[in-house]
Amino acid sequence: MATARAVRLLLTSSRWRLGRREVPQSRALAALVPGVSQVDNSSDFLGKRPHRRHPGILQLPCVELPKALAAAAQLLLLQSAMPNVEKQVRALTNYLWSRHLPVGPEELQRRAVYLEEKFLENPDLSQSEEKLRETVLRALRKTTYHWQELSYNEKLSLVYMAARLDGGFAAVSRAFHEIQARVPEFQPQTLLDFGSGTGSVTWAAHSTWGQSLREYMCVDSSAAMLDLAEKLLKGGSESGEPYVPGVFFRQFLPVSPKVQFDVVVSAFSLSELPSKADRTEVIHTLWRKTSHFLILVENGTKAGHSLLMDARDLVLKGKEKSPSDPRPGFVFAPVSIISAFPTMQRSELSYGQEK
Ligand SMILES: C[S@@+](CC[C@H](N)C(=O)[O-])C[C@H]1O[C@@H](n2cnc3c(N)ncnc32)[C@H](O)[C@@H]1O
């Protein structure tokens, strides 16, 4: 932590004060952080190609919702005749972007001990043990973030759809595109989507690998969300042929450890789990359930970043994947995609890969 802060300060100051006798920032960084090598800008490491053509930069053209999905979503919103949709969409969007992680029991305990010590230091507040406990609890309640579980009933599911369908679709499409561009021979047949919500992952996967995918398993604890996702696939109605064949809806993850999927996704769903213990369990399960890629997507907030880092550590530093699948995992792309792909040469995947 101290090193990180020092590096940041060094970068800021050296940027503005690179005098004659000061070291360039890359060298200073290399001296401070082991493993960060010096970038020699005088060498032609890109072979005269401009930086924007760096092979690690993957261009994804502007993503649009499939027309059938957009039309079905509009129809469902019109049919619902929900008042003040825009206001509700704005409120939910703000809430989701400002959400923090739930505070765990260890952290609560640590804060309680700290507060108790603080109160005991103050002689004016000498009080009975019971009163002290009450004071600590009151202070804890005032200063602790109160995380609340969202109940995705019919109404909230519709508002979520209006707020996040396009953004969710685009974020997941970006991850799928990265895999497809770098591993074109990867043709997944099965996909598992945890916390599938409106089904945007299924639509994005179908747009990317529709030729090869034959099974999409959507798991969501909310029956209303599953209902909505199914209606969206059927053009906004309860009957009719689904736009994407082979989609299955479940409220629970498949139990059998033998059932695996080529691609496993959790998009914006880990942040819906009420505790770190729940997240740990789900991440272990999802990791066991993938035979190739595990894709985790969260909002680019402090909370989203922090839980993705925890997930990455769990997968990379954890025990073997499962007794029947001892292959080690590695990060395929920064932050959001983790993969077990033992058939590939590591050197092919060196960009953004964990060392
Ligand atoms: C924020 S929504 C994300 C939906 C979808 N993945 C997307 O990208 O639009 C989170 C979803 O996770 C579901 N969820 C929450 N806890 C769950 C659990 N324990 N098991 C399965 N689904 C869960 C919620 O019902 C909700 O539909």
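Structural remarks
- Here K67 is the anchor, and the aspartates and glutamates within straight C-alpha reach of less than 17 Å, apart from those fewer than 8 places off in the same chain, are D166, E230, E241.
- Separation of region 252-303 and region 81-116, taken as the distance between their Cα centroids, equals 21 angstrom.
- For region 89-103, the residues whose backbone nitrogen is under 19 Å from a point 7 Å from the Cα of D278, taken along Cα to Cβ, are 95-103.
- Estimated FRET transfer efficiency (Q180, K87; beta-carbon r; R0 35 Å; 0.05): 0.35
- Taken along the Cα-to-beta-carbon direction at a fixed 7 Å, the label points for Q74 and K118 span 5.4 nm.
- Hits among lysines - C-alpha to C-alpha of K142 under 24 Å, sequence gap 8 or more where chains match: K118, K131, K276, K302
- Per-q log10 I(q)/I(0), region 150-349, q = 0.14, 0.16, 0.19 Å⁻¹ (Debye; single scatterer per alpha-carbon; no solvent): -0.78, -1.04, -1.50
- With Cα atoms as the point set, the radius of gyration and Dmax of region 186-287 evaluate to 13.5, 41 Å.
- Label-to-label distance, nm, for residues given as K258 and L108 (7 Å Cα→Cβ offset): 4.2 nm
- Extension gain for the segment E230 to K317, taken as residue separation times 0.36 nm less the Cα-Cα distance, is 27.6 nm to one decimal.
- Peptides 76-84, 214-222, 232-240, ordered by how many other C-beta atoms sit within 10 Å of their residues on average, highest first, read 214-222, 232-240, 76-84.
- Applying 0.36 nm per residue to the separation of D310 and K155 and subtracting their alpha-carbon distance, the gain on full extension is 52.6 nm.
- Under 16 Å from the Cα of K87 - lysines, other chains or at least 8 residues apart: K155
- If you plug the beta carbon distance of T144 and K302 into 1/(1 + (r/R0)^6) with R0 = 22 Å, you get a FRET efficiency near 0.85.
- Principal semi-axes in Å for region 207-262 [√(5λ), Cα gyration tensor, largest first]: 21, 17, 8
None of the figures in this text is laboratory data; all of them are computed from the coordinates on show. For clarity, every value in this text was computed on a predicted model and none was experimentally measured. Reconstructed Cβ throughout: ideal geometry from the backbone, glycine too, with neighbour counts over all protein chains shown.
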